[in-house]
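Visitor: So that we are looking at the same thing, I have put the structure below in structure tokens.
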Amino acid sequence: MTQSAALASPALGGDEQIEIAAKAGLEELTTRLAQARGVEEILRVVRGGARRLVGADGISFVLREGDKCFYADEDAIGPLWKGQRFPLERCISGWAMLHGEAVVIEDVYADDRIPHAAYRATFVQSLVMVPVHADDPVAAIGAYWARPHRPSDQSVEMLKRIANSAAVAMTNVALFSSLHAAREEAVRAKDALILAMAALADTRDNETGDHIRRTQHYVRALAEAARGHGLYQPELNAELIELLYKSAPLHDIGKVGISDAILRKPGKLDAEEFAIMRTHARLGRDAIANAERYFGGTTGFLTIAKEMAYSHHERWDGQGYPEGLAGEAIPLCGRIMAIADVYDALVSDRVYKAAIPHAEAVTVIEAERGRHFDPALVDVFLEISPIFQEINSQFGSPA
């Protein structure tokens, strides 16, 4: 049902019509953000749709420039601060970015964090400010009202969703920009892309920073040992092993699209939360697929990165996700990463569990031979597990 159809439907109550229209509007905005090719286009999309969705009198998009807040764009009933720069510590957008959390202010003149002099020339009486990339914010989006009041939970949640979509869009833009440079210097641009994407993943959850480095080395060690045993020839050659190593840091890039409430939850996810978490495999694949389209073609690196991001949660017995593939129908890169990813999760502290010892982790993986994992790769893993333990120690996990 389109947004206009939802509003016109006599079978729906007023609240239902509003909710359906809001969902349709958010979906349209998210789709347009996903297709954005540059920061300017992201600003245009937010400027064109966010104020209506949030129900605010004004919207601003603030970019972080070192120790400054740059009010890059706005859509409002009166002038705000477009084109101006303020020190991070002297504006509320800076507070939101420095603290990595949303701010809800019912009366701007009753809050000491607000530079009152800068607000007197505006209509603003109350506001919400939400960071983009909460762990290492690169921007913030503000919503403003011309009357003192507490913005509704629905308005706050809508603004957070818009900020999350903008975060994914900015990740895609970074990817597209790096791939454009790859036309000139493919190898250098590819390495820069990996580092940029790994850094973005690092902002999303505490364990990812060391996790991406460890899994990169686990993948290479397992692939080289499997090749030494003559497995999966001629596919598993030196060129593929290098691609696996280079692509591995992008395997969880889709997590930039998962909210902090789920990604950082210090306990077991419920069924709805787990279903959302599972979408990170698709989000990662789609981001890389979008990059391929804008790049005008694919490369071995992009193909492996895309397959690995999408398939590393599949299981040998067909009980994994997102496609439920089984056996050798699962791409080899996904089967290799599955072992590396699970081993590192077992021996690392996470917000929802404590690390277990290396020997216990080896036992767990051995028990999943032929169920979760490729049995031939498990046999290789058992033989080289001391190398995994050495890599684990080298890159910071205490187990």
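Visitor: What do you reckon, is V46 of a type outside the set (G, A, S) and under 17 Å from S155 (Cβ atoms)? Walk me through how you get there before you give the answer.
Guide: Details: of a type outside the set (G, A, S): yes; under 17 Å from S155 (Cβ atoms): yes.
Judged against the criteria, V46 is a match.
Visitor: Here's another thing I want to ask about it. In this structure, does A345 turn out to be of a type in the set (A, V, I, L, M) and in contact with an Asp or Glu (Cβ under 7 Å, 6 or more places away or on another chain)? Give the derivation first.
Guide: Working: of a type in the set (A, V, I, L, M): yes; in contact with an Asp or Glu (Cβ under 7 Å, 6 or more places away or on another chain): no.
No; evaluated as a whole, the condition is false for this residue.
Visitor: Sticking with this structure for a sec: Working only within region 339-362, note down all residues that are out of contact with any Ser or Thr (no Cβ under 8 Å at 6 or more places or on another chain) and assigned to a helix (DSSP H, G or I).
Guide: Selection gives I339, V342, Y343, A345, L346, A359, E360, A361.
Visitor: Looking at region 140-164, which of the residues that are touching a strand residue (DSSP E or B) at 6+ places or on another chain (Cβ under 6 Å) and aliphatic (A, V, I, L, M) is farthest from H280 (Cα to Cα)?
Guide: Narrowing region 140-164 to residues touching a strand residue (DSSP E or B) at 6+ places or on another chain (Cβ under 6 Å): 140-145, 148-149, 151, 156, 159-160, 163.
With aliphatic (A, V, I, L, M) added as a condition, the list becomes 140-141, 143, 156, 159, 163.
Numbers: A140: 23, I141: 24, A143: 28, V156: 24, L159: 21, A163: 17 Å.
Among those that are touching a strand residue (DSSP E or B) at 6+ places or on another chain (Cβ under 6 Å) and aliphatic (A, V, I, L, M), it is A143.
Visitor: So Y310 clears everything in (1) under 18 Å from Y232 (Cα atoms); (2) under 16 Å from the mean Cα position of the chain (by Cα); (3) of a type in the set (F, W, Y) except one condition, right? Which one?
Guide: It fails just one condition, (1).
Visitor: Being modelled with pLDDT under 75 and either crowded, with 19+ Cβ neighbours inside 10 Å or in contact with a helix residue (DSSP H, G or I) (Cβ under 9 Å, 6 or more places away or on another chain) (or both) is true for just one of D136, D191. Which residue is that? Before you say what the answer is, go through the steps one by one.
Guide: On the way: D136 fails: modelled with pLDDT under 75.
Of the residues listed, the single one that is modelled with pLDDT under 75 and either crowded, with 19+ Cβ neighbours inside 10 Å or in contact with a helix residue (DSSP H, G or I) (Cβ under 9 Å, 6 or more places away or on another chain) (or both) is D191.
Visitor: Does region 371-386 contain any residue that is without any contact (Cβ under 8 Å) to a residue 40 or more places away in the chain, over 17 Å from R220 (Cα atoms) and under 28 Å from the mean Cα position of the chain (by Cα)?
Guide: For region 371-386, residues without any contact (Cβ under 8 Å) to a residue 40 or more places away in the chain, over 17 Å from R220 (Cα atoms) and under 28 Å from the mean Cα position of the chain (by Cα): absent.
Visitor: Scan region 64-77 and tell me whether some residue there is crowded, with 20+ Cβ neighbours inside 10 Å, within 22 Å of the chain's Cα centre (by Cα) and in the same structural domain as V45 (by TED's automatic domain parsing).
Guide: Yes, some residue in region 64-77 is crowded, with 20+ Cβ neighbours inside 10 Å, within 22 Å of the chain's Cα centre (by Cα) and in the same structural domain as V45 (by TED's automatic domain parsing).
Visitor: Restricting attention to region 17-53, and to residues there that are farther than 19 Å from M170 by Cβ and β-branched (V, I, T), which single residue is modelled with the highest pLDDT?
Guide: I20
Visitor: To continue, here is another question. If I filter region 252-264 down to residues being more than 11 Å from the chain's Cα centre (by Cα) and modelled with pLDDT of 85 or more, which single residue comes out as surrounded by the most Cβ atoms within 10 Å (Cβ to Cβ)? If you could, list the steps in order and put the result at the bottom.
Guide: Taking region 252-264 and keeping what is more than 11 Å from the chain's Cα centre (by Cα), we get 261-262, 264.
Next cut, modelled with pLDDT of 85 or more only: 261-262.
Values: A261: 10, I262: 16.
Among those that are more than 11 Å from the chain's Cα centre (by Cα) and modelled with pLDDT of 85 or more, it is I262.
Visitor: Return yes or no: is L98 hydrophobic (A, V, I, L, M, F, W, C), modelled with pLDDT of 95 or more and in the same structural domain as S155 (by TED's automatic domain parsing)? Outline the logic, then answer.
Guide: On the way: hydrophobic (A, V, I, L, M, F, W, C): yes; modelled with pLDDT of 95 or more: no; in the same structural domain as S155 (by TED's automatic domain parsing): yes.
Against the criterion (hydrophobic (A, V, I, L, M, F, W, C), modelled with pLDDT of 95 or more and in the same structural domain as S155 (by TED's automatic domain parsing)), L98 does not qualify.
Visitor: If I go through region 205-228 residue by residue, how many of them are surrounded by 14 or more Cβ atoms within 10 Å (Cβ to Cβ) and either within 17 Å of R335 (Cβ to Cβ) or modelled with pLDDT of 90 or more (or both)?
Guide: Pass one, region 205-228, residues surrounded by 14 or more Cβ atoms within 10 Å (Cβ to Cβ): 205-227.
Filter once more, keeping what is either within 17 Å of R335 (Cβ to Cβ) or modelled with pLDDT of 90 or more (or both): 214-227.
Residues flagged as surrounded by 14 or more Cβ atoms within 10 Å (Cβ to Cβ) and either within 17 Å of R335 (Cβ to Cβ) or modelled with pLDDT of 90 or more (or both) within region 205-228 amount to 14.
Visitor: Enumerate the helices (runs of 4 or more DSSP H) found wholly within region 225-309, keeping only those where 3 or more residues are of a type in the set (A, V, I, L, M, F, W, C) and touching a residue at least 60 places away in the same chain (Cβ under 8 Å).
Guide: On the way: elements: 238-247, 260-263, 271-278, 280-295.
Ranges flagged: 238-247, 280-295.
Visitor: If you don't mind, another one. Can you pull out the residues in region 229-246 that are at pLDDT 90 or above and either under 28 Å from the mean Cα position of the chain (by Cα) or basic (K, R) (or both)? Quick ask: steps written out before the conclusion?
Guide: First, the residues of region 229-246 that are at pLDDT 90 or above: 229-245.
Within region 229-246, L240, I241, E242, L243, L244, Y245 meet the criteria.
The values are calculated or read from the model by the stated rules, or taken from the named source; none is laboratory data. Quantities reported herein were computed from a predicted structural model and do not represent experimental measurements. With ideal geometry, Cβ positions are generated from the backbone for all residues, glycine too; neighbour counts draw on all protein chains shown.
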